[in-house]
Amino acid sequence: MIDDLDLGFDEPERGEKGRHRRGFRKRNGKSGGGRGKTFLALLMALVLLGAIGGGAFYGFDRIQNYFVTPDYDGAGAGEVTVEIKQGALLADMADALVAADVVKSQKAFIEAAEADSRSKNIQPGTYKLRKQMSGASAVTAMLDLKNKIVNGLTIPEGRTSFNIYKLLSEKTKIPVKDFQTAAKDPEALGVPDWWFTRGDGKKVVKSVEGFLYPDTYEIPPKATAESILKLMVDNFLAVTEEMKFADRVQKERGGISPYEALIVASLAQAEAGNKDDLGKVARVAYNRAYGEFPCNCLEMDVTVNYYLESIGKPTKSSKQMTAAELDDQKNPYNRKLRGLIPTPINNPGKEALAGAMAPPTGKWLYFVAIDKQGHSEFAETYEQHQRNEAKAREAGII
């Protein structure tokens with residue numbers, strides 16, 4: 001009789017060696033509620049098998065992921081914007097895409113990018129993409145400029161921070177005052193505190209000037225003055241790190257700090273009429289501030305113009321400057337100031353930075369432009385300089 005069969009798990013019996021034996025056991029007598037026990041046992045068995053099966057499936061899925069790249073199928077759906085930051089590596093891009101649910105895994109994007117030689121052309125900026133795209137579809141979409149939200153602005157080399165704020169304000173409609181406020185704390189914008197170190201014993205003036213790297217920037221939607229300036233500072237840090245600017249200056253410039261070299265780069269950017277002369281002008285600045293120049297001063301009118309711009313006055317050519325403006329004792333950027341000025345006077349580009357980092361060897365103390373292309377002649381003595389000035393007058397340059 002089927003009612004006489006108990007399908008429940010019985011208490012274990014001991015074998016000869018004390019081992020447990022589990023199994024079905026036929027009873028001689030009727031049991032109370034045999035059918036109820038049967039149903040309960042079956043239900044428990046199904047639950048147990050389901051749990052084991054689910055665990056096995058989960059374990060298999062995890063193991064499978066080691067061999068199969070988790071990836072979505074197709075071109076995705078919906079719309080999402082993703083920002084790729086300046087200097088982002090493939091892994092950084094992948095992280096941003098995963099966070100926005102554009103791709104299923106970092107591995108899916110990286111493998112697709114590595115398989116497409118064009119992926120090196122993916123640019124920083126903001127992209128309009130879809131959610132749940134395959135890695136290959138995401139790479140293809142980011143290579144299509146139609147999906148790039150273009151809101152670009154080019155910051156030319158050698159612009160002062162004051163001028164840059166105006167350019168940014170015109171482009172973004174963010175008030176100039178917001179940029180000025182954000183710039184008051186350069187370290188909050190990402191400038192490491194070690195940058196503000198001087199080896200010449202002068203008081204350090206912390207300024208964002210010099211750290212707003214000139215480049216073409218994609219302004220992200222809903223950007224703030226602070227986020228834009230941070231973007232520019234990050235770019236400066238990435239470029240100078242790639243150049244090994246700070247390391248080389250400390251090793252090769254004989255005690256001159258990276259910040260002082262940045263000041264010299266800004267002077268070269270302002271004074272050189274041709275990029276070929278950037279390194280030589282940097283050498284002149286070093287020679288005047290730290291070398292054999294009688295006053296150990298820069299005597300460069302560009303420092304006076306920086307001061308005029310900083311106090312809201314129009315800049316002038318050398319001929320237009322009065323004696324009082326040239327030698328204003330209240331001007332901390334006075335051209336007769338011994339040594340280097342307090343801060344950079346603009347934001348130099350990569351070639352000017354390179355010129356200040358590794359200037360050519362020379363004892364030049366003077367230079368003057370001699371042609372319409374801006375090339376200069378350099379001299380070690382004032383007598384040589386006077387002869388060069390005569391050449392410049394003959395060419396109609398001065």
- Test: residue 171 is out of contact with any strand residue (DSSP E or B) (no Cβ under 7 Å at 6 or more places or on another chain), charged (D, E, K, R) and surrounded by fewer than 19 Cβ atoms within 10 Å (Cβ to Cβ): no
- Task: Return a yes/no flag: does region 97-119 have any residue that is farther than 29 Å from residue 237 by Cα and assigned to a strand (DSSP E or B).
- Result: no
- Query: From the list 336, 363, 319, 330, which one is touching a Cys at 6+ places or on another chain (Cβ under 7 Å), over 15 Å from residue 272 (Cβ atoms) and surrounded by fewer than 16 Cβ atoms within 10 Å (Cβ to Cβ)?
  - Reply: 336
- Any hit, region 343-355, residues being open to solvent by less than 30 Å² (accessible area, probe 1.4 Å) and more than 31 Å from the chain's Cα centre (by Cα): no
- Task: State all residues of region 188-232 that are of a type in the set (S, T, N, Q) and within 25 Å of residue 270 (Cβ to Cβ); if no residue qualifies, say none.
- Result: 197, 207, 216
- Scan region 137-161 for residues that are part of a helix (DSSP H, G or I) and out of contact with any Phe, Trp or Tyr (no Cβ under 9 Å at 6 or more places or on another chain) and jot them down. 140, 143, 145, 146
- Item | residue 228 of a type in the set (Val, Ile, Thr), within 23 Å of residue 302 (Cα to Cα) and crowded, with 21+ Cβ neighbours inside 10 Å | no
- Message: Pairs needed: first member in region 177-199, of a type in the set (Ser, Thr, Tyr) and modelled with pLDDT of 95 or more; second member anywhere, part of a loop (DSSP other than H, G, I, E, B) and crowded, with 16+ Cβ neighbours inside 10 Å; C-beta distance under 7 Å; at least 6 residues apart or different chains.
- Response: 197/257
- Which one of 380, 351 is at pLDDT 95 or above and closer than 27 Å to residue 155 by Cα? 351
- Restricting attention to region 120-151, and to residues there that are polar (S, T, N, Q) and open to solvent by less than 20 Å² (accessible area, probe 1.4 Å), which single residue is nearest to residue 92 (Cα to Cα)? 126
- Task: Tell me, yes or no, whether region 90-110 has at least one residue that is within 27 Å of residue 223 (Cα to Cα), touching a residue at least 24 places away in the same chain (Cβ under 8 Å) and open to solvent by 70 Å² or more (accessible area, probe 1.4 Å).
- Result: no
- Please indicate, with yes or no, whether at least one residue in region 193-203 is more than 28 Å from residue 173 (Cβ to Cβ), buried (at least 20 other Cβ atoms within 10 Å of the Cβ) and more than 19 Å from the chain's Cα centre (by Cα). no
- Message: Kindly evaluate residue 157 against the criterion of being open to solvent by 50 Å² or more (accessible area, probe 1.4 Å), within 23 Å of the chain's Cα centre (by Cα) and under 14 Å from residue 232 (Cβ atoms).
- Response: yes
- Does region 73-86 include one or more residues that are part of a helix (DSSP H, G or I) and either open to solvent by 40 Å² or more (accessible area, probe 1.4 Å) or aliphatic (A, V, I, L, M) (or both)? no
- Message: Going residue by residue through region 376-394, is there one that turns out to be part of a strand (DSSP E or B) and without any contact (Cβ under 8 Å) to a residue 60 or more places away in the chain?
- Response: yes
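This table checks each residue for (1) in contact with a helix residue (DSSP H, G or I) (Cβ under 6 Å, 6 or more places away or on another chain); (2) open to solvent by less than 10 Å² (accessible area, probe 1.4 Å); (3) closer than 21 Å to residue 201 by Cβ.
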site	(1), (2), (3)
254	no, no, yes
276	no, no, no
290	no, no, yes
303	no, yes, yes
- Restrict the check to region 326-337 and report whether at least one residue is within 40 Å of the chain's Cα centre (by Cα), closer than 29 Å to residue 240 by Cβ, outside any loop (DSSP other than H, G, I, E, B) and touching a residue at least 40 places away in the same chain (Cβ under 8 Å). no
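The values are calculated or read from the model by the stated rules, or taken from the named source; none is laboratory data. Keep in mind that this is a model prediction, so the values were computed, not measured. Don't worry about glycine lacking a Cβ; one is built from the backbone with ideal geometry, like all the others, and counts go over all protein chains shown. When the accessible area is computed, the model is the full protein with side chains, heavy atoms only, and any ligands, DNA or RNA have been set aside. Shrake-Rupley method; radii C 1.70, N 1.55, O 1.52, S 1.80 Å.
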